[in-house]
1. Mean-square fluctuation check for the chain, GNM, Cα pairs under 10 Å: which of Gln167, Gln307, Gln68 is largest?
2. How far is it, in nm, from the label point at Leu298 to the one at Lys3 when both lie 7 Å from their Cα along the line to the Cβ?
3. Take Thr327 and Leu114, extend 7 Å from each Cα along the Cα→Cβ direction, and tell me the distance between the two endpoints in nm.
4. Give the Debye-formula value of log10 I(q)/I(0) at each listed q (0.11 Å⁻¹), with one equal scatterer per alpha carbon of the stretch 185-338, two decimals each.
5. Can you give me the three principal axis dimensions of the stretch 240-295 from its C-alpha atoms, in Å, biggest first?
6. What is the mean projected area of the alpha carbon convex hull for the stretch 104-204, to one decimal in square nanometres?
7. Using the 2.2 N^0.38 Å rule of thumb for compact globular proteins, work out how the chain stacks up: its C-alpha Rg over that value, please.
8. In degrees, nearest 10, range 0 to 90: what is the angle between the Cα axis of helix 303-313 and the longest Cα principal axis of the chain?
Amino acid sequence: MGKKIGILGAGSWATAISVLLAQKGLEVKLWSIMPEQVTEINETRENKSFLPGVTIPSGVEALAGLEQTVAGAEAVIFGVPSHAFREVVRKAVSYIPAGAIIINVAKGIEEDSLSRMSQVFLQEAGLDMTRRYVALSGPSHAEEVGRMVPTAVVASSACMESAVYVQDLFMCETFRVYTNPDVTGVELGGALKNIIALGTGIADGLGYGDNSKAALMTRGLAEISRLGMAMGANPLTFAGLAGVGDLIVTCTSMHSRNRRAGIAIGSGKSVDEALAEVKMVVEGVRTTRAARRLAQSLAVEIPITEQIHQVLFEGLSPAVAVKRLMTRGKTHEMEEVALAAAAVGKIELKNK
């Protein structure tokens with residue numbers, strides 16, 4: 001058996017990761033808060049509620065104890081929903097072995113603090129852990145990764161050595177990992193695309209077509225980039241796997257919980273009914289509230305997110321939200337580029 005990896009959380013993505021790593025010959029411990037899930041995984045070799053139909057290798061052992069899961073682990077992976085991330089970090093941090101690499105796969109923004117997941121982790125674990133923290137993100141549906149469908153993602157860290165460690169840990173014939181030092185951009189891309197996926201789902205539920213979806217995805221990416229740059233992200237990150245790549249897969253696939261929830265809302269169901277239908281966590285709902293507050297604090301315009309917020313939390317009709325977006329005042333496609341070009345033009349005219 002190879003090196004030991006501890007995974008905290010046993011949802012669909014955490015389970016898919018456990019399958020991937022165990023098939024590489026690693027010893028994987030998978031922590032679940034639900035005793036019945038621990039028993040099911042160990043006895044049936046399947047996580048029927050979250051990743052049905054995928055066989056979990058014998059190299060994966062499900063456990064109910066945090067300490068037992070991370071003891072002696074070379075790397076600790078946090079695979080819990082973003083709203084539970086702080087609580088799990090707080091409970092686990094004292095058990096994490098010295099020198100262990102921390103890998104977070106949760107995609108979201110903490111609603112109360114408006115913190116990214118790396119910020120939440122460092123607030124709880126201490127800034128001395130900065131170089132050991134890695135965000136793993138990109139277009140990676142658990143249902144496909146668990147079945148070894150070729151996938152490419154990004155490992156992002158302030159420390160390139162840590163990012164390369166994660167790259168080596170995960171790389172195999174069906175899972176390719178690139179590195180990127182822009183933690184802010186990678187985390188924001190992974191979180192904000194869920195909002196746009198809700199929007200494309202709503203458009204599908206309303207019966208709109210491919211033109212509508214393409215418009216929402218393209219202008220949604222503009223919003224993500226605009227807010228990301230205001231928060232210090234590298235705009236090139238949003239043209240990569242953690243940006244447009246994740247946006248494409250989440251907005252177009254029926255594996256996407258956010259898209260499925262959006263379809264239900266666009267079809268006339270309430271938000272609560274849509275979430276009950278999806279059954280699993282729909283990260284985009286909380287992220288919509290958080291992103292709106294962030295944008296307001298930074299004076300950044302995010303019209304699609306604003307309309308989705310009104311649909312989710314203020315009772316606005318989805319059809320009215322679309323009409324509002326379509327009848328907004330005219331503007332340039334590349335606002336910042338156009339404004340910069342206009343400013344240069346005025347200077348040149350003045351100097352003539």
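Read-outs throughout are calculated quantities, based only on the coordinates presented, and are distinct from any laboratory measurement. Note that the structure is a prediction, hence the values are computed from the model and not measured. Cβ sites come from the backbone with ideal geometry, for glycine too, and all protein chains shown count toward neighbours.
1. Residue with maximal mean-square fluctuation among Gln167, Gln307, Gln68: Gln68.
2. 3.3
3. Between Thr327 and Leu114, the label points sit 3.1 nm apart.
4. -0.37
5. Between the extreme Cα coordinates on each principal axis of the stretch 240-295 lie 34, 28, 19 Å.
6. Numbers: hull surface 29.5 nm².
For the stretch 104-204, the mean projected area of the Cα convex hull comes to 7.4 nm².
7. Numbers: Rg = 20.9 Å, N = 352, 2.2 N^0.38 = 20.4 Å.
Normalised Cα radius of gyration, the chain: 1.02.
8. Compared with the principal axis, the helix lies near 60 degrees.
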